[in-house]
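Comments concern the structure below.
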Amino acid sequence: MSRLKLQQICKYYGATTALASGDLLLERGEIHVLIGANGSGKSTLCKVIAGSVRPDGGTFELNGKPVMLFGPQAAREMGICLFYQELSLANSLSIAQNINLYHLPTHAGGLIDDAELNKRAEHYISKFETVIGEGFTPDAPVAKLRPDQKQLVEIMKTLASEAEILIFDEPTSALDRSQVECFFSILRELKEEGRSIIFISHRMDEIFDIADRITVIRDGTTVSSRLIEETDHSTVIRDMIGEQPEAAALEASLAPQAEKKTESCLVAEGLSGAHIRNVGFSLAKGEILGLGGLHGQGQSTLLRTLFGAEKLQSGTLLLNGEAVHPTNPRAAIKNGFSYVSGDRVRDGVITGRSIMENVSPIHFLKDKTFLAFPSVLARIIEPALGALNTKYSSLGASISSLSGGNQQKVVIARWLTNPPDILLLDDPTKGIDLSAKSELFALVRKLADEGMAIILYSSEDGELLAHSDRILVFNNGSVSRELLGEDKTRFNLYEAAYSGAQ
Amino acid sequence: MTKAISFKSRMATLLRRFPFIPALGMLMLLFILNGIAEPNSMTVRALKGVASTYLALVFLSVGQTFVVYTADIDLSVGAILSLVNVSIVVIMSQFGGEPYVVLLALGAGIAIGALCGLMNGIVVSGLRMQAIVATFATSILISGIALWVLPVAGMPAPSLFWKVYGGRSYGIPNVFFFIAILIALLAIMAKTGLVTKLLAVGNGQLSAYQSGLSVTRIRIYGYIICGIFAALAAFCITGDTASGDPLVGGAMTLSSVAAVVLGGTALSGGIGSAFGSAIGAIIIGLISSLVFYAGVPSQWQNLAQGATILVVLMLGVLASKRINQ
Ligand SMILES: Nc1ncnc2c1ncn2[C@@H]1O[C@H](COP(=O)(O)OP(=O)(O)OP(=O)(O)O)[C@@H](O)[C@H]1O
Ligand SMILES: [Mg+2]
């Protein structure tokens with residue numbers, strides 16, 4: 001009898017399907033790895049098991065008995081504890097308080113027993129003694145810790161539950177090699193004790209190091225579950241990609257085999273900053289350069305750094321042969337850069353203002369006009385919006401009256417009033433619908449054909465493969481591989497993104 | 001160099017354990033300024049006067065803290081105070097001022113405070129309404145009940161009541177004993193698991209929920225504690241003014257919020273100390289007495305008081321920023 005048996009678990013958020021049909025069989029004393037592309041539903045499945053997300057359907061059996069969980073507390077009582085990918089720590093509380101938050105040890109009178117609190121925390125801290133780094137005392141506040149140390153606290157908090165089923169959702173994403181080794185040796189001990197462990201990671205070598213069984217999830221559906229002896233890297237990657245004939249055809253047909261563009265307008269060497277390390281590339285006029293890899297490997301940071309919104313610590317940047325140093329967006333705009341973020345609400349839309357006001361700021365900045373006459377502005381703004389087939393009732397209407405896709409078009413139109421030389425697209429299609437996407441990319445291609453240089457980061461791999469001339473695959477802040485021509489396939493992209501991860 | 005760093009980090013650790021340290025410094029400063037402006041303000045008699053006038057605000061601010069811990073707010077504390085004030089005065093005058101009646105009235109007062117807190121908790125946490133608007137609404141409701149209980153101000157409290165509050169034992173004013181009891185109570189409460197859980201909820205409700213805490217229930221407890229402290233504050237007001245007034249607490253609500261902030265508790269929740277709020281309340285009291293002693297003309301007193309509070313707030317923010325850097 002399996003310890004945990006999930007069948008056809010599904011979960012919907014409005015129109016998005018987070019999980020379509022999640023199946024999982026978890027045995028006693030095994031380390032069970034879940035793998036799948038970003039957004040495939042791994043975390044959702046884990047949260048269902050840990051009771052923090054209520055499934056919309058499917059069966060859930062614990063030790064052969066069907067159960068219904070009403071919240072994380074109920075799951076804890078049944079011996080299930082989850083390491084949350086986004087962490088579940090209280091920043092201003094101490095390490096010891098965080099580790100023991102669920103069961104705060106008390107004296108007979110009901111007051112907290114500090115000695116016992118620290119003793120219990122020490123017990124778990126000591127397991128990581130050699131790798132925790134400085135300032136890791138039980139009474140230190142979590143807020144002051146480094147990201148890897150916070151992750152270790154969340155690991156300790158999960159271990160402290162002493163639950164029979166332990167789930168770790170990307171616990172190693174910020175850890176270094178020695179910390180991972182230490183964690184893995186603890187996992188192996190737990191396995192010997194007969195505990196069941198679910199482990200998620202995007203690092204292929206780690207997975208093959210620790211797994212007893214690998215289950216692959218694709219688009220919210222469990223597609224395969226194999227013992228480690230029966231599988232290998234490429235089988236796993238193939239399961240993750242699946243058969244996608246129409247997508248593959250699309251990629252092939254759209255893959256632009258344009259003539260070699262040689263006139264490079266932007267050359268970067270050894271760019272380093274907060275989340276990027278030693279990034280170099282050259283970008284030609286009329287080229288669309290794609291940035292690929294797992295989420296958050298430095299792609300957005302690179303774009304924001306080029307735009308002067310993030311600090312560049314070292315490296316050189318040549319724009320048409322002249323050295324430039326991006327210090328702030330204003331200077332970057334004057335140099336001919338433009339930046340479109342997928343996070344419209346944070347970076348793009350000026351909420352509560354009219355469409356006209358949303359399109360005009362770059363025009364004002366570049367033309368230094370003192371007075372603004374709506375009739376004159378309209379002559380500049382309307383063609384820019386028209387080029388994108390933006391649907392709007394009038395220029396005076398509020399930006400919030402538009403759909404997400406049309407709002408994004410307005411944000412892009414902002415740059416078209418005074419066309420830039422270099423367009424930086426930071427996941428520009430986040431949350432916009434299919435037709436808007438294809439219109440957008442048609443325009444991007446048109447701009448490139450007119451000679452604009454474009455860097456595109458997209459979290460959707462299909463988009464990236466279909467619309468870029470060349471792809472730089474990012475890993476941990478640096479470029480691990482360049483894909484061009486024949487090599488520009490989904491398989492190679494995944495392999496570079498996953499296998500190269502360290 | 002390293003010495004300076006370790007000093008700074010030691011200060012930061014200290015500040016984290018005792019977030020009220022900047023407020024304590026400010027309190028000292030105001031004491032000294034008061035003493036300079038009017039040496040007589042340092043006598044036991046004058047101190048007793050300040051203490052008995054502001055003890056109600058102290059209790060009210062302490063109560064407010066437990067709600068602010070979870071990033072909520074309670075704008076009905078003043079109304080609860082008024083309701084408890086008129087209720088106990090009416091009970092005592094209905095049944096006579098015997099000691100057992102006084103005790104009964106106090107019990108009833110605490111029950112009323114707790115019930116009001118429970119109502120706020122259910123509205124905010126159970127029904128998920130915005131704390132600031134929901135408690136504003138309940139404050140009007142509670143004031144309405146207070147006006148129904150006692151439509152006009154002025155019903156006197158029995159002499160036993162204000163004699164105990166204003167009297168002395170062993171030569172020491174009784175209010176000082178009340179302060180000592182409050183400090184002991186706060187020291188004990190700070191060690192309860194509930195305070196740690198309130199702070200955890202304030203740090204992030206989702207994280208707290210995911211950690212297996214019953215967030216809804218914990219927030220309701222915060223409001224109940226706040227209601228009980230508002231009742232205790234009402235006892236102080238009743239002892240100080242010796243009468244019932246259905247509108248007595250209205251102006252104190254926002255002072256209690258200011259005191260909480262002055263005491264180093266973040267309105268965004270998750271960090272702070274109830275003891276700091278007590279100090280913050282006394283700071284507000286000392287500022288008004290300083291403005292009075294410094295001889296500020298009456299038409300300028302509000303302006304001077306407001307400006308001083310702003311300055312003190314700013315100094316507190318600067319101090320903690322410098323240390324935490
Ligand atoms: N609370 C939510 N509201 C709306 N959509 C959500 C929510 N949580 C998840 N989703 C969506 O459900 C899908 C699956 O998300 P999930 O977090 O499970 O992916 P994942 O496999 O863990 O990805 P990753 O590798 O990036 O962590 C995504 O498309 C995500 O946008
Ligand atoms: Mg996830």
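The values are calculated or read from the model by the stated rules, or taken from the named source; none is laboratory data. All values reported here derive from a predicted model rather than from experimental measurement. Heads up, the Cβs are rebuilt from the backbone with ideal geometry, glycines too, and the neighbour counts pull from every protein chain shown. When the accessible area is computed, the model is the full protein with side chains, heavy atoms only, and any ligands, DNA or RNA have been set aside. Shrake-Rupley method; radii C 1.70, N 1.55, O 1.52, S 1.80 Å.
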Matching residues in the stretch A:184-202 (away from ligand 1 (no atom under 16 Å from the Cβ) and on the phi < 0 side of the Ramachandran plot) number 13
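Filter the stretch A:6-19 for residues that are more than 16 Å from ligand 2 (Cβ to nearest atom) and on the phi < 0 side of the Ramachandran plot; which is farthest from the other protein chains (Cβ to nearest Cβ)? Steps first, answer last, please.
Going residue by residue through the stretch A:6-19, those that are more than 16 Å from ligand 2 (Cβ to nearest atom) are A:6-8, A:10, A:12, A:14-15.
Narrowing the set further to residues that are on the phi < 0 side of the Ramachandran plot leaves A:6-7, A:10, A:12, A:15.
Values: A:LEU6: 19, A:GLN7: 25, A:CYS10: 21, A:TYR12: 20, A:ALA15: 23 Å.
Checked the stretch A:6-19; the qualifying residue farthest from the other protein chains (Cβ to nearest Cβ) is A:GLN7.
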Can you list residue pairs whose Cβ atoms sit under 7 Å apart, with the first residue in the stretch A:400-422 being at pLDDT below 80 and the second being of a type in the set (Asp, Glu)? Count only pairs 6 or more apart in sequence or on different chains. A:GLY405/A:ASP433
For the stretch A:111-121, state whether one or more residues are touching a His at 6+ places or on another chain (Cβ under 7 Å) and within 14 Å of another protein chain (Cβ to nearest Cβ). yes
Return the total of residues in the stretch A:176-220 being open to solvent by less than 50 Å² (accessible area, probe 1.4 Å) and within 16 Å of ligand 2 (Cβ to nearest atom). 12
Filter result (of a type in the set (A, V, I, L, M) and either at pLDDT 95 or above or touching a strand residue (DSSP E or B) at 6+ places or on another chain (Cβ under 6 Å) (or both)) within the stretch A:218-228: A:VAL223, A:LEU227
Of the residues that sit in the stretch A:27-36 and are crowded, with 21+ Cβ neighbours inside 10 Å and farther than 13 Å from A:THR222 by Cα, which one is farthest from ligand 2 (Cβ to nearest atom)? A:ILE31
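Evaluate the following for B:VAL311: is it free of Cβ contacts under 8 Å to residues at least 12 places away in the same chain and closer than 23 Å to A:SER94 by Cα? Even if it seems obvious, please write down each step before you answer.
Details: free of Cβ contacts under 8 Å to residues at least 12 places away in the same chain: yes; closer than 23 Å to A:SER94 by Cα: no.
Spelling it out, it is not the case that B:VAL311 is free of Cβ contacts under 8 Å to residues at least 12 places away in the same chain and closer than 23 Å to A:SER94 by Cα.
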Name the residues in the stretch A:73-91 that are open to solvent by 40 Å² or more (accessible area, probe 1.4 Å), away from ligand 1 (no atom under 16 Å from the Cβ) and in contact (Cβ under 8 Å) with a residue 12 or more places away in the chain, would you? A:GLN73, A:ARG76, A:MET78, A:ASN91
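Looking for whichever is under 14 Å from the mean Cα position of the chain (by Cα) and at positive phi here; the options are B:GLY264, B:GLY280, B:GLY276. Which one fits?
Numbers: B:GLY280 fails: at positive phi; B:GLY276 fails: at positive phi.
After ruling out the rest, the residue left standing is B:GLY264.
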Go through the stretch A:37-85 and count every residue that is more than 16 Å from ligand 2 (Cβ to nearest atom), within 14 Å of chain B (Cβ to nearest Cβ) and assigned to a loop (DSSP other than H, G, I, E, B). 7
Within the stretch A:115-130, count every residue that is part of a helix (DSSP H, G or I) and surrounded by 19 or more Cβ atoms within 10 Å (Cβ to Cβ). 6
Within the stretch A:92-114, restricting to residues that are open to solvent by less than 70 Å² (accessible area, probe 1.4 Å) and without any contact (Cβ under 8 Å) to a residue 40 or more places away in the chain, the one that is nearest to B:LEU267 (Cα to Cα) is A:GLN97
How many residues, within the stretch A:413-428, are within 19 Å of A:LYS391 (Cβ to Cβ) and open to solvent by less than 10 Å² (accessible area, probe 1.4 Å)? 2
Given the residues A:LEU6, A:LEU34, A:LEU24, which is the only one that is part of a strand (DSSP E or B), closer than 17 Å to A:SER201 by Cβ and away from ligand 1 (no atom under 13 Å from the Cβ)? A:LEU24
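Going by the conditions given, is A:THR369 within 29 Å of A:GLY292 (Cα to Cα), assigned to a loop (DSSP other than H, G, I, E, B) and free of Cβ contacts under 8 Å to residues at least 24 places away in the same chain? So that I can check it myself, show each step before the final result.
Numbers: within 29 Å of A:GLY292 (Cα to Cα): no; assigned to a loop (DSSP other than H, G, I, E, B): yes; free of Cβ contacts under 8 Å to residues at least 24 places away in the same chain: yes.
Judged against the criteria, A:THR369 is not a match.
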Considering residues of the stretch A:45-72 that are without any contact (Cβ under 8 Å) to a residue 40 or more places away in the chain and surrounded by 14 or more Cβ atoms within 10 Å (Cβ to Cβ) only, the residue nearest to ligand 1 (Cβ to nearest atom): A:LYS47
Quick count over the stretch A:86-108, residues being at the interface with chain B (Cβ under 9 Å from one of its Cβ atoms) and small (Gly, Ala, Ser), is 4
Among the residues of the stretch A:139-160, is any within 23 Å of A:LEU25 (Cβ to Cβ) and either surrounded by 22 or more Cβ atoms within 10 Å (Cβ to Cβ) or not assigned by TED's automatic domain parsing to the domain that holds A:HIS295 (or both)? yes
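Rundown of residues vs (1) within 14 Å of chain A (Cβ to nearest Cβ); (2) free of Cβ contacts under 8 Å to residues at least 24 places away in the same chain; (3) open to solvent by 40 Å² or more (accessible area, probe 1.4 Å); (4) in a helix (DSSP H, G or I), yes/no style:
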{"residue": "B:TRP162", "(1), (2), (3), (4)": "no, no, yes, yes"}
{"residue": "B:TYR165", "(1), (2), (3), (4)": "no, no, no, yes"}
{"residue": "B:ALA180", "(1), (2), (3), (4)": "no, yes, yes, yes"}
{"residue": "B:ILE183", "(1), (2), (3), (4)": "no, no, yes, yes"}
{"residue": "B:LEU186", "(1), (2), (3), (4)": "yes, no, no, yes"}
{"residue": "B:ILE225", "(1), (2), (3), (4)": "no, no, no, yes"}
{"residue": "B:PHE229", "(1), (2), (3), (4)": "no, no, no, yes"}
{"residue": "B:ALA233", "(1), (2), (3), (4)": "no, no, no, yes"}
{"residue": "B:ILE237", "(1), (2), (3), (4)": "no, no, no, yes"}
Just one of B:THR13, B:THR70 is open to solvent by less than 60 Å² (accessible area, probe 1.4 Å) and among the polar types (S, T, N, Q); which is it? B:THR70
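Quick one: in the stretch A:157-166, which of the residues that are away from chain B (no Cβ under 12 Å) and in contact (Cβ under 8 Å) with a residue 60 or more places away in the chain is farthest from ligand 2 (Cβ to nearest atom)? Break it down into steps so the answer makes sense when it comes.
We begin by selecting, within the stretch A:157-166, every residue away from chain B (no Cβ under 12 Å); these are A:159, A:162, A:164-166.
Restricting the remaining residues to those that are in contact (Cβ under 8 Å) with a residue 60 or more places away in the chain gives A:164-166.
Details: A:GLU164: 23, A:ILE165: 18, A:LEU166: 17 Å.
Of everything passing the filter in the stretch A:157-166, A:GLU164 is farthest from ligand 2 (Cβ to nearest atom).
Pick out the one residue from B:LEU213, B:LEU198 that is within 14 Å of chain A (Cβ to nearest Cβ), outside any helix (DSSP H, G or I) and farther than 22 Å from B:ALA105 by Cβ. Steps first, please.
Working: B:LEU198 fails: outside any helix (DSSP H, G or I).
It is B:LEU213.
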Check A:GLY342, A:GLY431 and return the single one that is at pLDDT below 80, under 27 Å from A:GLU310 (Cα atoms) and open to solvent by 20 Å² or more (accessible area, probe 1.4 Å). A:GLY431
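Does A:PHE136 satisfy the criteria of being outside any helix (DSSP H, G or I), of a type outside the set (Val, Ile, Thr), open to solvent by less than 50 Å² (accessible area, probe 1.4 Å) and within 19 Å of B:SER207 (Cβ to Cβ)? So that I can check it myself, show each step before the final result.
On the way: outside any helix (DSSP H, G or I): yes; of a type outside the set (Val, Ile, Thr): yes; open to solvent by less than 50 Å² (accessible area, probe 1.4 Å): yes; within 19 Å of B:SER207 (Cβ to Cβ): no.
No.
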